[in-house]
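Here the structure is laid out as C-alpha cells; the discussion comes afterwards.
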Amino acid sequence: MRNALGIALGAALLLAGAAPLPAVAAPSTGPTGTSEFRGVNWADPRDNYADDEVVPSGLSTDDDYRTTYRKASDLVLEFRHEVGANTVRLPINPSSVGTDWWESYQGAIDAATRHGFKVILSYWEGDDAKDGRVDDQAAFDAMWDTVVDEYGKNPHVYYEPMNEPFGYTLDEWVSLTSGWLDDHADVPRKRVIISGTGYNDDVTGVGAAEELDGTLLSLHFYGFWADHTTEQEWKANLLPRIGEYGWRTVVSEAGSPMTTGLNYGNHEGDVYTSYLGALTEVARDQGIGIVYWPGLRTNDAYTLTQLVGDGDLEVTNESGLAQLQWGWGLLKQEQLNDLPPAPPGEPLVSVRHGVCVDVPGFSTTAGTTLGLWYCNGGGNQSFDWTAEQELAIYGDMCVEPAPSPGAP
C-alpha cells in the first residue's frame, strides 16, 4: 500500500515554535487612496503573453464589433452582479491595436465603459520574448498613439504603459515612462498607472521619481513568492514594497488558488489563505484598490469565476470572493465570519506564468506538503497518473488533498 503524500495545493510546511516577526508600522496614506478600484483581470486563456492578438476568455477573433460588444456587456454585468467589481483590466499588444481584431476588441472596451466600469489597458510583451522589455519600440509607440487617440478623452479608461517591466533598471524604467507621459501630455496623469519595478513588485522607486508625480502606481503581489503561513509574515513582506505610497497604489494583480477548495476564512497555517488575509487587510487599512488575477481566465486555477453558459459566470470560491470583497470594503467583518467554507474543487496542476506543483527538496517523506514554483522540468515536478486517471503518483506515493483544518 502506497504512503500518502499530503497536499494542501500551494501551502508550505508549518514550522513549530517560530519566533514572531517584529511589527512593521503601516506607512502613511494620502488624502484619497485608490479604493474606488474594485477590479478583476479579464485574461486570455493562453495568458496575456501572446505573439498574436490577445483575446480574453469568452471572446473570439471571429466576432465582429457588435457581437464582441454584446458578449462583453453580458460578462461585464456578471462581474458586477456576481463579484461586485467596477473595474476590468484588459491586455493589449501591437497585434491587438490598429488591426482587424482592434475593430472588434474595442467592443469590449466600449461595453465596459458604457456600463460605468473603469478599464485599465496594459501592454504585455510577446510570448517569444518575456525579457521584461518593450519588444519593438516603434510598434509600442504606434500602439499607444492609436489607443490614446481613441480613448484619451474617455474618463473611464486608464493606461498602464507596460506590465511587469523586470528587464529595466529603475532609471531606465523612469526614463521610458516619463517619455510616455511627455508623448501623451494631454492624458491626465491621474489616469496613468505606472508599474512598479521588477515584476511590478515594488513601487517605492517609481513613487519617489519626481518625473512620475501625479500618476498612480501598479503593484503585483502573489502568494507563490514566499512560503509564509501567517498574516504577520505576509504583511512584513508586503508593506516595504508599498512604502509611503499606498495612497497612489493600485494592486493590479493579486490572486491565489480558487478552484482547489481552500477555505479563505482561515487566515493562519496556510500560505495562500494567510497571504490573501494579509493583502486584503493592508488594502482595507490603506484604501488600496485591488484588481484580482484573474476574474476570468479559462482553465486557470486562480480564476475567480468560470463560464457556465452564454454570458453566464459562476463564482469558483465563495470564501475567497468574500475575503476579496472585505478588502474592497464591501463586506463587514461579521458578514465575512458568517460565510461557509469553500466546497472541494479540482486538483491544482499549474497556474499562470508557468507555475507548477512542486515537491519541496525532492522530498520522499510521507505527509510532505506540496508547493508551487516556476515550471522547470525538474524531477520534483514530474507526476504520473494511475491507469484510471484518478490519482497522481510521485515515486511510490500518492498525491492527495490535505485534511481541512480541524478535520479528524
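What the table shows:
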read-out	value
Any pair with Cβ under 6 angstrom, 6 or more apart, that starts in the range 124-147 at a residue that is within 15 Å of Arg46 (Cα to Cα) and modelled with pLDDT under 95 and ends at one that is among the hydrophobic types (A, V, I, L, M, F, W, C) and surrounded by 17 or more Cβ atoms within 10 Å (Cβ to Cβ)	Asp127/Ala50
Where Asp186 falls short, out of the listed (1) under 24 Å from Val97 (Cα atoms); (2) in contact with a His (Cβ under 8 Å, 6 or more places away or on another chain)	(2)
In the range 129-178, residue surrounded by the fewest Cβ atoms within 10 Å (Cβ to Cβ) [restricted to those that are more than 22 Å from the chain's Cα centre (by Cα) and of a type in the set (Gly, Ala, Ser)]	Ala138
From the options Glu268, Glu231, Glu318, residue that is more than 27 Å from Pro360 (Cα to Cα), assigned by TED's automatic domain parsing to the domain that holds Arg46 and of a type outside the set (S, T, N, Q)	Glu318
Residue satisfying condition, being under 23 Å from Val250 (Cβ atoms) and not polar (S, T, N, Q), within set Val315, Val271	Val315
Check on Val308, touching a residue at least 12 places away in the same chain (Cβ under 8 Å), assigned by TED's automatic domain parsing to the domain that holds Glu231, outside any loop (DSSP other than H, G, I, E, B) and within 15 Å of Phe79 (Cα to Cα)	no
Search result, residues across the range 274-294 that are without any contact (Cβ under 8 Å) to a residue 60 or more places away in the chain and under 25 Å from Asp47 (Cβ atoms)	Tyr275, Leu276, Leu279, Thr280
Qualifying residue in the range 283-290 (condition: of a type in the set (Lys, Arg) and touching a Leu at 6+ places or on another chain (Cβ under 9 Å))	no
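Each row is one residue, and each column tells you yes or no for (1) in contact with a Phe, Trp or Tyr (Cβ under 6 Å, 6 or more places away or on another chain); (2) surrounded by fewer than 17 Cβ atoms within 10 Å (Cβ to Cβ); (3) under 21 Å from Val282 (Cβ atoms).
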| position | (1), (2), (3) |
| --- | --- |
| Gly196 | no, no, yes |
| Thr204 | no, no, yes |
| Gly214 | no, yes, no |
| Ala226 | no, yes, yes |
| Arg248 | no, no, yes |
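The values are calculated or read from the model by the stated rules, or taken from the named source; none is laboratory data. If you're wondering where the values come from, they're calculated on a predicted model, not measured in any experiment. Cβ atoms come from the backbone with ideal geometry, glycine included; neighbour counts cover every protein chain shown.
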